[in-house]
Every structure is written in structure tokens, then in C-alpha cells.
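Notes follow once the structure below has been shown.
The values are calculated or read from the model by the stated rules, or taken from the named source; none is laboratory data. A quick note: this is a predicted structure, and the numbers were derived from the prediction, not measured. Virtual Cβ from ideal backbone geometry, glycine too; neighbours counted across all protein chains shown. For the accessible areas, the whole protein counts, side chains as well, though only heavy atoms, and no ligand, DNA or RNA atoms are used. Shrake-Rupley method; radii C 1.70, N 1.55, O 1.52, S 1.80 Å.
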Amino acid sequence: MKEQFENAWSEMIAKLESWFDALILNLPNILIAIFVFIIALISSRYISNGVSRLLDKTKLQASMKSLLSKMVSIAVVLLGIFLVLGILNLSRALNTILAGAGVVGLAVGLALQGALANTYSGIVLSYIKHIKFGDWIETNGFEGEVVDLDLRSVTLKQPDNNLVYLPNKLVVENPIKNFSTTAQSRVILNCGVEYSSDLEFVRNLVQNTILENFGSIDNRDEIIFLYQEFGDSSINFETRFWIESTSALEVAKAKTDAMIFIKKAFDENNINIPFPIRTLDFPERFTLPQEGKNISNGKKNNNGGSGE
């Protein structure tokens, strides 16, 4: 037993000595490999910045410029890793890695279908000219300004200053409404007036009020005024006009201002905006109940019983 222990100890010492000798012999290569890898990391940053400056002179979207610069940076780092493996005489290991990359890639592809779909969708969105940084869009039930677009998600900044992160796949597969494709946005305002109102006078008053208070409107023909229905307590109408903005927040502010101006104009001309009224009809002999007494139903039974 003692002899076996001594033999095992001797073999372990010999193995460690061989490893130490190999480390000493390969120390220059290791130092060179470390130096090359550091140079690759530093170079990736400078090359990425240089590519970004070159792309700034092109007409590509900002999202596409960012994507290309990141891909160039990754390519430089991968090149540095290949050089390091070659310096360390690990080319055989590199071949083994590349041979197994196909099998591993298949397994990873099946496991990461959603992530890969988002990555591909991010590349597609980078090429689409209808979506770019600063655009105000509505998609998947969310509305806001596009503040970021990467390989995973589209980031929207909502009017309440909250951020929404939408997976690229959902944005590509669902309809998108881009409010920034034109220089104007439409404001829609609904209201109602009482039945005794002069409808022609109301229409002229609303159009003149909007024309006088919004400088982006040149004439009354740009203001659409439509009576919609005879409501329960009012005749309802809708008015539409355009403002020089693509921001949903500015549209909301314009709608608020229009409501203030129209309400003031109505008050000055004695035009009422009715509120819902409910009328209750009671039976002719109905009386309200009092404490300790039942409601009279208009009939009495001389025997004190219930009438049928």
C-alpha cells in the first residue's frame, strides 16, 4: 500500500513538473496571446467608432448605423480570439470547436427560437424607413416615441414618460401606425348642444372659434363640422381640424384648448351643453313611505285582509 502511494505521488509530481515545463516554454506565447486579445478589445472599440463616423455620412437610419457598428465590433473581437488560439497552438481545438458548432447551433436555434426571431426582426426594422428614432408610433396597443431600437426590442417613450419595451417580433408581425410620416396631426372633438339651439349658428360659431385661436388653420374649409345624431338630451356633433405637430401630447393639448375656447364661446352666446337628465314617473296615488307606516296602494280592505 505504501509503495502504491509513493508511485502515485511520484507520477503526480512528474505530471506537475511537465505542466510547469510546458508553461515555462509557452510563457512567451501566453503573454503574446494576452497582449493580442487586449489589442483586439481596444481595437474593436476604436474601429466601431470609426465605422459609426463613416456611416454618419450616409443616408442610413440611426438604428441601422448602430447595428452595423456593433456587428463590426463583434467581428473584431472574434478575429482576436482566433488569433489567440493560433498563437497558443490550439488550432486542433479550434477545428474541434468549429466542427461541433453545427450541432450546438442547431440545439441553440431550437432552444432560442423567440430570441433569434427578435434578432432577425430587429435587423428587418433597422432597414425599414418608416420607423426611425424620434417617430411617434402606435403598435400592439401602445403609443409613444421611438427612443431605441436594438436586436431585442423597440423602446417607446409614452406621453406619461414611461418606457415600453416591445419585442421586435411583435412589432414586425402587427400593424404599425406612424404619426410622424406627415407633418400634421388631426384633432377630433365631440360635443352636444340642446335641442332649442340654432344649429347653423352653432356650426359657424365653432368653426370661427377654432379658426381664430389656432394659427395653423388658414380658412374655415379646413375645419370639418358634422352633426352626428339626435341624442337623449342633446344634438351631438363632431369637429375635426389639423395642427402642425406629430406628437400625441400636443394633440391632447390642442384638444384641451379647443374645449376651453368653445365652452367660453357657448357661454357668451347662451348656448347650453346639456347633461343627462333622468325623469321618474310615479303612479297617480303613490305616496312616499313614512316611518312606521307602509306605502299606501290606493286600496283598502274593510276586513283588514289583503285585497286580491
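Data table
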quantity: Sole exception among (1) of a type outside the set (S, T, N, Q); (2) over 30 Å from residue 42 (Cβ atoms); (3) open to solvent by 60 Å² or more (accessible area, probe 1.4 Å); (4) at pLDDT 80 or above for residue 137, by number; calculated: (3)
quantity: Residues located in the range 235-256, provided they are in contact (Cβ under 8 Å) with a residue 60 or more places away in the chain, surrounded by fewer than 17 Cβ atoms within 10 Å (Cβ to Cβ) and among the polar types (S, T, N, Q); calculated: 247
quantity: The lone exception for residue 211 - which of (1) assigned to a helix (DSSP H, G or I); (2) open to solvent by 30 Å² or more (accessible area, probe 1.4 Å); (3) of a type in the set (A, V, I, L, M); (4) touching a strand residue (DSSP E or B) at 6+ places or on another chain (Cβ under 6 Å) it fails; calculated: (4)
quantity: Residue check for residue 197: in contact with a Ser or Thr (Cβ under 8 Å, 6 or more places away or on another chain) and either more than 30 Å from residue 275 (Cβ to Cβ) or surrounded by 13 or more Cβ atoms within 10 Å (Cβ to Cβ) (or both); calculated: no
quantity: Residues located in the range 148-174, provided they are assigned to a strand (DSSP E or B) and either open to solvent by 60 Å² or more (accessible area, probe 1.4 Å) or basic (Lys, Arg) (or both); calculated: 148, 157, 163, 165
quantity: Which listed residue is free of Cβ contacts under 8 Å to residues at least 40 places away in the same chain and of a type outside the set (S, T, N, Q), from 198, 135; calculated: 198
quantity: Single residue of the range 260-277 satisfying the filter (at pLDDT 70 or above and assigned to a loop (DSSP other than H, G, I, E, B)) that is surrounded by the most Cβ atoms within 10 Å (Cβ to Cβ); calculated: 271
quantity: Where residue 301 falls short, out of the listed (1) open to solvent by 80 Å² or more (accessible area, probe 1.4 Å); (2) more than 23 Å from residue 196 (Cα to Cα); (3) at pLDDT below 85; calculated: (1)
quantity: Residue match in the range 183-191 (condition: in a loop (DSSP other than H, G, I, E, B) and at pLDDT 90 or above); calculated: no
quantity: Residue list for the range 214-232, filter: farther than 16 Å from residue 204 by Cβ and either within 33 Å of the chain's Cα centre (by Cα) or surrounded by 15 or more Cβ atoms within 10 Å (Cβ to Cβ) (or both); calculated: 214, 215, 216
quantity: Pairs where the first residue, in the range 203-230, is modelled with pLDDT under 85 and the second is of a type outside the set (A, V, I, L, M, F, W, C) and open to solvent by 70 Å² or more (accessible area, probe 1.4 Å), C-beta under 7 Å, 6+ apart; calculated: 216/244
quantity: Filtered residue count, the range 144-189, keeping only those that are over 21 Å from residue 124 (Cβ atoms) and among the aliphatic types (A, V, I, L, M); calculated: 5
